Structures are given as structure tokens and as C-alpha cells.
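Contents: one structure, followed by commentary.
The values are calculated or read from the model by the stated rules, or taken from the named source; none is laboratory data. Computed from a predicted structure; not experimentally measured. Quick reminder, even Gly has a Cβ in these numbers, built from the backbone with ideal geometry, and neighbours come from all protein chains shown. Heads up: the accessible areas ignore ligands, DNA and RNA and are worked out on the full protein's heavy atoms, side chains in. Shrake-Rupley method; radii C 1.70, N 1.55, O 1.52, S 1.80 Å.
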Amino acid sequence: MQTFRERLPVLVAASLLLSACVSLTPQQRAKSDEIQSLADRTTRIYDLPGVRISIQPATNLNIGAMYRQGNIFVNVRMLDSPGLTKLIAHELGHYVLGHEPAASVSSQAEWQRAQQQRELDANAKAVEILVRANGMSQREAIQIVAEALLRAQRAIDRGAPLTPGHLTPAQELADLQRRFPEARDRGG
């Protein structure tokens, strides 16, 4: 089996091919490099295989990014978002926690409950990742996640669709506040 270092040239080439589908400004390219660096630090800290960040064309599905099978697919619009750091840490949380789409569920309601729990767990893991891989204090990391959830709730209040598989951002913030009592002074 090849090591990550042996696979790196292939992964870089594949990433460039996927990214080539989306034209990036120099600022967006810098953000893409920054989030790949966060992903690389995270996988080293958690002793996991590398994860590839792929920048995807914009969609109107209200999905900023998603983790699937060792890849994080990022909507190009998110590269200019103030919530980018939280978003990437959240998707890395899915990776670190081993979240993959449920193979077999007996009902849509069961899938929804399981997915909502995975989202809550990924928010909490995002705080840990921001501390361990991004050098933030726990308070700073909680603030990043809480502020992103508050922005998302304001967007929902203005009529944006709820991201599939998620509770409302206000409910996710309430869960974060239960897990990290220091988050209570963050708008909730």
C-alpha cells in the first residue's frame, strides 16, 4: 500500500484538475491554500490519511461544503465568506469523526435524526480542531463557531433555505452552548 507521501503527487494533480473547473482569483487561491493547510495540519494531528480540498462551482443548494470519502468539496462562493474557517473545521470534524453517509436506515426520519446528530457532533469537533490544528484558544474557537451559526440563523430568518440534514442554526447553537458553557455569551 502506498504511503500518503507517495500518493501526494497524484492527489495534487487530481486536486488541480478538479480546481481547474473553477476559475479562482488570487485571493480565493490563497484562501484555498489556507484551508488545505488547515486540513493537512488536522490530519497530521489526528494521524489520519490526508484529505483533499476541492473547490466546486457555485450552486444554490445552500451547501457551503461537504465531506465525502476523504474529500471536502467547497462551494467557490465560500472562499469569500466570513464563515469559511468554521465551515472547513466543521467538515474536518466529519472526517475526524468518521462520518460517512448512512448505508442502511429504516426510514427517512431515522436518517434525519442520525444526520442531525452528526452535524451537532461535527460542530463540537470543529471547536477542538480549531484549538488543536489552528492554535486558537477554546474561547476563540467557540466564538468562530457560534458567530457562524448566528450568521446562518440570520440568513434563515431572511428566507434562506435550511441546509439539508441540519437543525436550525439556532438549535445547533443551543447544542454548542450545552457542550461549551462559555458559548452562552455568544448571542444565545
Here the qualifying pairs (Cβ atoms under 6 Å; residues six or more apart or on different chains; first in the range 52-69 and under 16 Å from residue 152 (Cβ atoms); second outside any loop (DSSP other than H, G, I, E, B)) come out as 64/75; 64/78; 64/87; 65/72; 65/74; 65/87; 65/91; 66/73
* Might you let me know whether the range 98-110 holds any residue that is surrounded by 15 or more Cβ atoms within 10 Å (Cβ to Cβ) and either free of Cβ contacts under 8 Å to residues at least 24 places away in the same chain or of a type in the set (S, T, N, Q) (or both)? => no
Scanning the range 80-123 for residues that are hydroxyl-bearing (Ser, Thr, Tyr) and in a loop (DSSP other than H, G, I, E, B), the one nearest to the chain's Cα centre (by Cα) turns out to be 81
When (1) in contact (Cβ under 8 Å) with a residue 12 or more places away in the chain; (2) under 17 Å from the mean Cα position of the chain (by Cα) are applied to residue 131, the one that fails is (1)
Considering the range 142-161, residues that are without any contact (Cβ under 8 Å) to a residue 40 or more places away in the chain and among the small types (Gly, Ala, Ser), and then whichever is least open to solvent (accessible area, probe 1.4 Å), we arrive at 155
The residue from 181, 169, 164 that alone is crowded, with 19+ Cβ neighbours inside 10 Å and not β-branched (Val, Ile, Thr) is 169
The number of residues in the range 44-55 that are open to solvent by 10 Å² or more (accessible area, probe 1.4 Å) and β-branched (Val, Ile, Thr) is 1
Exactly one of 132, 139 is under 21 Å from residue 37 (Cβ atoms), among the basic types (Lys, Arg) and open to solvent by 30 Å² or more (accessible area, probe 1.4 Å), and that one is 132
For the structure I just gave you, tell me whether residue 59 is modelled with pLDDT under 90 and either of a type outside the set (A, V, I, L, M) or outside any loop (DSSP other than H, G, I, E, B) (or both). yes
